[in-house]
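The block underneath contains the structure these notes are about, expressed in structure tokens.
The values are calculated or read from the model by the stated rules, or taken from the named source; none is laboratory data. Worth saying up front: this structure is predicted, and the values here are computed from it rather than measured. Virtual Cβ from ideal backbone geometry, glycine too; neighbours counted across all protein chains shown. Keep in mind that these areas ignore ligands, DNA and RNA; they rest on the heavy atoms of the full protein, side chains included. Shrake-Rupley method; radii C 1.70, N 1.55, O 1.52, S 1.80 Å.
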Amino acid sequence: MAMQTESDIIPSVIRIVENNGFSLNRYKKTFIQRRIVLRMNACKISDVSKYLQLLKTPDEFEAFVKSISVNVTSFFRDVSPFDTIGRKIIPVLASRPNLSGVLRVWSAGCATGEEPYSVSILLNERLRRTSLNYEIFATDRNQKALDHASDGIYKESDISKIDSLFKARYFTKFNADSYQVSPQIRKPITFRLEDISKPTTKKFDMIFCRNVMIYFEKQAQDVVVNNFYDSLKPGGFLVSGMDEVFVNENFSNLFTPFDLKQKIFQKREKPLN
């Protein structure tokens, strides 16, 4: 393919994209290259210079950014971590005296909303017989994905693997082949366009960031991990993706494994170093 012989394709793409206000500096170069190949194949273009020209158009720029920023997602993706959270973590958080009646969760990199809605269903199930409330702060860098998430409307195929009890309780028929998440599940969630590497003044009991940082360079990972540490309350939990492996010293200094198999970690009281 033509791009394999052009050493300047990645810098050229980065320059075009960042000139339009979207930063790629956190992403691994191999990940960016795979997305370039994906888009060139989709556009049936083998000439690098022609693709660079196409990338300057609004439609292809939007398509490329979407390919970078939207991750594969589904309701209750990887069921076992949700089971662990429901059985072991929510009871621990709910018993803490500093909760002030509200359990706060951040879904970082929420894409089209399946994750925060799954978390909302789980919390509703576990807390509905208690006096506790919950709030979910769901963020992403893609406004179109957030608009979709905010609507809470999904194809029947999107919710086909959801437990039939949850489907009946928390989804209503929207049209012939779509369902909408019920108001009681949507109401506790705030969707916002936000960068997960930027500091936030909010403090959370639990943060979900699943299969997002796997695409980041180590330096960018460290920035995000530090931000998550600062954003968690004492003893708070970080739920990462099943495919993510954190072997760097910075992560180990800040978090200790709670359930390593499920990639659930707990904030250390103090950093080791």
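Key figures for this structure:
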quantity: Choice from Pro11, Pro91, Pro81 with maximal GNM fluctuation in the chain (Cα, 10 Å cutoff); calculated: Pro11
quantity: Probe 1.4 Å, all protein chains present, accessible-area order of Lys44, Lys198, largest first; calculated: Lys44, Lys198
quantity: Within-13-Å neighbourhood charge of Arg35 [Cβ basis; K, R +1; D, E -1]; calculated: +4
quantity: The stretch 220-273: C-alpha pair distances exceeding 13 Å, %; calculated: 55
quantity: Share, in percent, of DSSP beta bridges within the stretch 128-273 that are antiparallel, nearest 5; calculated: 60
quantity: Estimated D of the chain in µm² per second, where Rh is the Kirkwood radius over Cα pairs and Stokes-Einstein applies at 37 °C, 0.692 mPa s; calculated: 164
quantity: Pairs from Lys233/Lys261; Lys203/Lys267; Lys66/Lys173; Lys198/Lys218; Lys66/Lys203 whose Cα-Cα separation, in the structure shown, is over 18 Å; calculated: Lys233/Lys261; Lys66/Lys173; Lys66/Lys203
quantity: Shape metrics for the stretch 88-225, restricted to C-alpha atoms - Rg then Dmax, Å; calculated: 15.7, 47
quantity: Computed over the stretch 169-249, the ratio Rg/Rh where both radii use C-alpha atoms and Rh is Kirkwood; calculated: 1.08
quantity: Dimensionless Rg/Rh of the stretch 58-160 - Kirkwood Rh, Rg from C-alpha atoms; calculated: 1.04
quantity: Charge tally in the Cβ shell below 13 Å around Arg169, where Lys, Arg are +1 and Asp, Glu are -1, Arg169 excluded; calculated: 0
quantity: Computed [θ] at 222 nm, deg cm²/dmol, the chain (DSSP H ≥ 4; -39,500 (n - 2.57); rounded to nearest 500); calculated: -11500 deg cm²/dmol
